[in-house]
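These notes concern the structure reproduced below.
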Amino acid sequence: MRNSIARAVSAIALSGITTVVLAAPAFAQENPTVNDPDEVAIVGEPDTSDLHNAYTFAPLGVPVFGLLQSVNAVPGNILPGT
């Protein structure tokens, strides 16, 4: 019983330390919008030059052709030999 409690406390402490160490860089960065609330954040336009395939063409808001290909591939992935 004592070993189980010691392991639990150790695991909690280790996970807490890991979380703090991994989250520290994210909190250490300066955010220009926090320093000056009147400053507008400028975001570049994303590169969409390679988004012309069956999984990204979505005339109805859903990639129809990619969805059909995925649904047709399911039986072959679940049942071998079909």
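Do the sum for the chain: with -39,500 (n - 2.57) for every DSSP H run of n ≥ 4, divided by all residues, what is the mean residue ellipticity at 222 nm, to the nearest 500 deg cm²/dmol?
Working: 3 runs with 46 residues, N = 82.
Counting only the DSSP helices, I get -18500 deg cm²/dmol.
To the nearest 0.05, what FRET efficiency results for Ile17 and Val62 with a Förster distance of 35 Å applied to their C-beta separation?
Working: r = 44 Å, r/R0 = 1.25.
So the FRET efficiency works out to roughly 0.20.
Rounded, prolate or oblate: which fits the chain, taking a ≥ b ≥ c as square roots of the Cα gyration tensor eigenvalues, rounded meaning a/c under 1.5, else prolate when a/b beats b/c? Numbers along the way, then the final one.
On the way: a/c = 4.78, a/b = 1.24, b/c = 3.85.
Taking the square roots of the gyration eigenvalues as a ≥ b ≥ c, the chain is oblate.
From Cα pairs below 8 angstrom and at least 6 apart in sequence, can you work out the relative contact order of the chain, rounded to a whole percent? Intermediate results must be reported in sequence, preceding the final value.
Numbers: 23 pairs, mean separation 8.3, N = 82.
It rounds to 10 percent for the chain.
Identify, among Pro75, Met1, Ile17, the residue whose Cα sits farthest towards the positive end of the charge dipole of the chain, taking +1 on the Cβ of Lys and Arg and -1 on the Cβ of Asp and Glu, with the dipole about the Cα centre.
Met1
Would you kindly state how much longer the chain becomes between Asn3 and Ser70 on full extension, computed as 0.36 nm times their sequence separation minus their alpha carbon distance, in nm to one decimal? Please report the intermediate quantities before stating the final value.
Working: separation 67, 0.36 × 67 = 24.12 nm, distance 4.92 nm.
Answer, rounded to one decimal: 19.2 nm.
Every read-out reported here was derived from the displayed coordinates using simple, explicitly stated rules and does not represent laboratory data. What you are looking at is a predicted structure, and each value in this text was computed from that prediction instead of being measured. All Cβ positions, even for glycine, are placed from backbone atoms using ideal geometry, and neighbour counts span all protein chains on display.
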